[in-house]
Amino acid sequence: MKIVVTGAAGFIGSNIIKGLNARGINNIIAVDDLTEGDKFRNIADLKIADYLDKDVFYELFAENAFGKVEAVFHEGACSDTMESDGKYMMDNNYTLSCGLFNACQQAGTRLLYASSAATYGGSDTFVESPEHELPLNVYGYSKLLFDQRMRLECSNNFKKFKRQVVGFRYFNVYGPREQHKGRMASVAFHQFNQFNAEGKVKLFGEYGGYAQGAQMRDFVFIDDVVAVNLWFLDNPDKSGIFNLGSGRAQPFNDVALSVVNAMRAKKGEAALDLAGAAKAGLIEYVSFPDALRGKYQCYTQAALTNLRASGCDHQFADVQTGVTQYMATLSK
């Protein structure tokens with residue numbers, strides 16, 4: 001089985017390759033842009049058959065230069081929600097994806113691609129249907145437009161595609177191999193580094209009707225994301241656009257407390273509750289930044305109805321379990 005992974009040196013892409021390798025699948029063409037050279041670390045310990053720069057790959061793939069490819073995991077994108085260059089965003093996240101879709105359908109290759117919960121933006125309902133899709137930035141719009149294109153291509157009946165097409169609306173993913181993402185890395189990653197540097201972690205204060213640290217997100221561990229991607233690889237008859245979150249909204253306070261207690265446990269110190277951690281100065285609340293006002297999702301929770309209806313019954317880790325495991329990995 002030959003597999004292509006775009007965004008291969010990125011966070012989700014490299015973890016998908018790791019998951020494929022664990023199954024003995026090594027005939028993998030990795031596609032990325034390694035201008036940021038340090039990203040090589042994400043794939044240095046993985047087994048692949050070939051690497052191609054993204055500027056070369058897409059045209060060659062459209063020409064069927066790689067022979068029979070079973071599936072493309074398309075994780076390559078500009079994922080910076082603060083990026084304001086709309087042309088750059090649309091070229092990377094929409095136009096490139098449309099060309100890849102056309103090439104996959106022509107070649108009989110399955111396409112499993114990264115969408116985003118940012119497609120919901122200002123909505124308070126996270127169900128995969130147009131009335132709930134209200135992106136707050138051009139990143140969310142670029143992802144939504146490709147989802148809309150997929151719906152249009154199959155007249156909203158994904159069974160009409162020649163080969164499987166699956167879009168995953170990722171919620172707040174965290175876990176190993178995200179260190180290169182800078183400001184777009186997860187809260188848990190930043191808090192790990194904050195705790196090591198300052199002996200405390202920081203959270204936003206009151207905003208959007210939520211108390212300090214009480215804004216809620218659907219945090220999903222990377223191992224769960226990989227498991228669902230591979231479930232769909234195993235079930236080629238399943239197509240559609242699916243939320244990929246835990247189905248559980250938890251406050252940022254839960255992440256912070258899990259980080260603090262994991263770091264305390266490493267030093268043999270007892271776990272604290274939220275009030276105790278705040279009183280000890282281990283959790284600090286900072287003013288909500290003006291740059292994010294009106295562009296920030298205070299609450300997300302993936303509706304998993306469609307995912308469960310597909311037959312995928314994967315059970316997701318909660319924040320306390322996933323973050324604790326992640327802190328152990330980062331501490332090695």
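Evaluating 6.51 cos²θ - 1.76 cosθ + 1.60 at θ = phi - 60° for every residue in the range 301-307, the Karplus couplings come out as 7, 5, 7, 9, 4, 5, 4 Hz, glycine and proline recorded as x.
Under 18 Å of direct C-alpha separation, and excluding same-chain neighbours fewer than eight residues apart, LYS202 reaches these lysines: LYS279.
Considering only beta bridges that DSSP places wholly inside the range 1-118, some 0 percent are antiparallel.
With the simple model of a label 7 Å out from the Cα in the direction of the Cβ, ASN21 to THR95 spans 3.5 nm. Taking the chain as a Gaussian network of alpha-carbon nodes connected by springs under 10 Å, the highest mean-square fluctuation of the residues ASN229, ASN64, ASN243 belongs to ASN64.
Here the range 128-209 is treated with +1 on each Lys and Arg Cβ and -1 on each Asp and Glu Cβ, and its dipole about the Cα centre works out to around 460 debye. One chain, two ends: ASN156 and ASP290. Fully extended at 0.36 nm per residue, the span grows by 44.3 nm beyond their Cα-Cα distance.
If you take the Cα centroid of the range 221-255 and the Cα centroid of the range 288-332, the two points sit 9 Å apart.
Note on ASP313 and CYS298: their simple-model spin labels are 3.8 nm apart, each label 7 Å out from Cα toward Cβ. Fewest-first ordering of ASP218, ASP124, ASP33 by other beta carbons within 10 Å of each residue's beta carbon gives ASP124, ASP33, ASP218. State the antiparallel share, in %, of DSSP beta bridges confined to the range 166-274, rounding to the nearest 5. So the antiparallel bridges amount to about 25 percent of the total. Computed over the chain with a Gaussian network model linking Cα atoms closer than 10 Å, the most mobile of SER116, SER258, SER84 is SER84.
Computed over neighbours whose Cβ is under 12 Å from that of ARG169, the net charge equals -3, Lys and Arg +1, Asp and Glu -1. Annotation: amide H-H contacts under 5 Å for LEU203 (H modelled 1.01 Å from N, sequence separation of 5 or more, or interchain): GLU284, TYR285, VAL286.
Of the residues HIS132, ALA62, ASN42, the one whose Cα sits farthest toward the positive end of the charge dipole of the chain, with +1 on the Cβ of Lys and Arg and -1 on the Cβ of Asp and Glu, is ASN42. Using r as the Cβ-Cβ distance of ASP50 and ASP237, and R0 as 25 Å, what FRET efficiency do you calculate, to the nearest 0.05? Efficiency, rounded to the nearest 0.05: 0.30. Given the alternatives (1) 34, 22, 18; (2) 42, 22, 18; (3) 27, 24, 21, semi-axes √(5λ) of the Cα gyration tensor in Å as computed for this entry is given by (1). Seen from THR35, the other residues with C-beta closer than 11 Å to its C-beta sum to a net charge of -4, counting Lys and Arg as +1 and Asp and Glu as -1.
Counting only Cβ charges, +1 for Lys and Arg and -1 for Asp and Glu, the dipole size of the chain around its Cα centre is about 540 debye.
Antiparallel beta bridges, as assigned by DSSP with both residues in the chain, represent about 10 percent of the total such bridges.
Coordinate-derived values only; no laboratory data. Just so it is clear, the model here is predicted, and its values are computed rather than measured. In this analysis, Cβ positions are derived from the backbone assuming ideal geometry, glycine residues included, and neighbour counts consider all displayed protein chains.
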